[in-house]
Amino acid sequence: MLKLKAIFSFLLLAFAGFAQPVEQAVKVVVTPDAESWQRRAGEPMTFRIEATRNGAPMRDATVIWQVGPERMSPMRLDSLTLKDGRFTTPPFRMGQPGFLRCIATVRHEGRTY
């Protein structure tokens with residue numbers, strides 16, 4: 001009996017590693033303005049922010065976004081209402097090598113995503 005429980009526990013843990021993640025109805029996606037995330041110091045970088053619900057663009061949702069060097073205070077923190085589910089930030093430049101990060105959250109119908 002103990003051996004059967006051990007085998008069952010092993011199989012349960014093994015198959016749990018192959019489980020698919022839960023699909024969320026609302027998605028907030030941040031992408032760079034070009035195929036590559038890499039820029040030289042001083043080159044401009046813009047980010048595209050898209051919010052969808054069940055694959056359709058979210059309208060009249062509020063997006064709160066911030067852009068700045070990683071682990072530092074943001075260069076800019078702003079919010080706006082999405083008209084067609086997407087928004088492109090103005091260009092940002094970094095004077096020295098590092099990682100520029102864009103964080104976006106969406107508020108819609110009293111929930112934050």
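The values are calculated or read from the model by the stated rules, or taken from the named source; none is laboratory data. Bear in mind the structure is a predicted one, so any value in this text is a computation, not a measurement. Virtual Cβ from ideal backbone geometry, glycine too; neighbours counted across all protein chains shown. For the accessible areas, the whole protein counts, side chains as well, though only heavy atoms, and no ligand, DNA or RNA atoms are used. Shrake-Rupley method; radii C 1.70, N 1.55, O 1.52, S 1.80 Å.
For this structure, a couple of remarks:
- A Förster radius of 22 Å, combined with the Cβ-Cβ distance separating V26 from M75, puts the computed FRET efficiency at roughly 0.25.
- Order of exposure, largest accessible area first, which applies to L82, L77, L100 with probe 1.4 Å: L77, L100, L82
- R101-A34 pseudo-label distance in nm [points 7 Å out on the Cα-to-Cβ vector]: 2.3 nm
- Here the accessible area of segment 17-85 is 49 percent carbon and sulfur, with a 1.4 angstrom probe and all protein chains present.
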